[in-house]
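The values are calculated or read from the model by the stated rules, or taken from the named source; none is laboratory data. Since the structure is predicted, the reported quantities are computational estimates derived from the model, not experimental observations. Neighbour counts run over all protein chains shown; Cβ positions are idealised from the backbone, glycine included.
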C-alpha cells in the first residue's frame, strides 16, 4: 500500500470504518485503481513507477492520491451523496493532474529515461488502404 491511514484528513480518519465497511481490501482495491489512473497521466512525462515507490513518497502525490481514493470510497457508498468538499477536491486534483501531464506545472519528479520516452505520433498510424494511381 502506498497510502496510510494517517494520509487522510482527520474527519475521514474518525469515519474510517464507515468508509471502508470494516474491510481494508476495499481501500486497497480503490487505491490500486487510482494509482493506475495517476500513472497513466503522469507517465507521459515522468517515470511513473518511481513516483509510486513506497520508500520514496512525494507529498504532492500523496495529497492528490488521497483525494482520488477518498472520492472513490464515498462514491462506492452512495454516488449521489458524495460531500461537496470531496467533489471540489477531486475537481482540483483533476486540474492538477492535467496541468502536470501537459507540462504547465513542473516538479522535480524522476523523468523518463531516453528508452522510456516515446515520441508522440501525429496523424493516423494506420497505413493507407486505398491507393489512387
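Things to note:
- Only one entry of 19, 65, 3 meets the criterion of being surrounded by 16 or more Cβ atoms within 10 Å (Cβ to Cβ), assigned to a helix (DSSP H, G or I), touching a helix residue (DSSP H, G or I) at 6+ places or on another chain (Cβ under 7 Å) and modelled with pLDDT under 90, and that entry is 19.
- Per this entry, residue 24 is counted among residues that are free of Cβ contacts under 8 Å to residues at least 24 places away in the same chain and more than 18 Å from the chain's Cα centre (by Cα).
- Filtered residues of the range 22-47 (kept if outside any helix (DSSP H, G or I) and either surrounded by 20 or more Cβ atoms within 10 Å (Cβ to Cβ) or out of contact with any helix residue (DSSP H, G or I) (no Cβ under 7 Å at 6 or more places or on another chain) (or both)): 22, 23, 43, 46, 47
- When the range 48-62 is filtered for residues that are farther than 11 Å from residue 35 by Cβ, in contact (Cβ under 8 Å) with a residue 24 or more places away in the chain and outside any loop (DSSP other than H, G, I, E, B), the ones remaining, listed by number, are 50, 60, 62.
- Breaking point among (1) touching a helix residue (DSSP H, G or I) at 6+ places or on another chain (Cβ under 8 Å); (2) at pLDDT 90 or above; (3) within 24 Å of residue 113 (Cα to Cα); (4) surrounded by fewer than 16 Cβ atoms within 10 Å (Cβ to Cβ), for residue 56: (2)
- Sole residue being at pLDDT below 90 and either surrounded by 12 or more Cβ atoms within 10 Å (Cβ to Cβ) or more than 22 Å from residue 10 (Cβ to Cβ) (or both), chosen from 75, 90, 99, 128: 128
- Of the listed requirements (1) closer than 22 Å to residue 8 by Cβ; (2) touching a helix residue (DSSP H, G or I) at 6+ places or on another chain (Cβ under 8 Å), residue 105 misses just one: (1).
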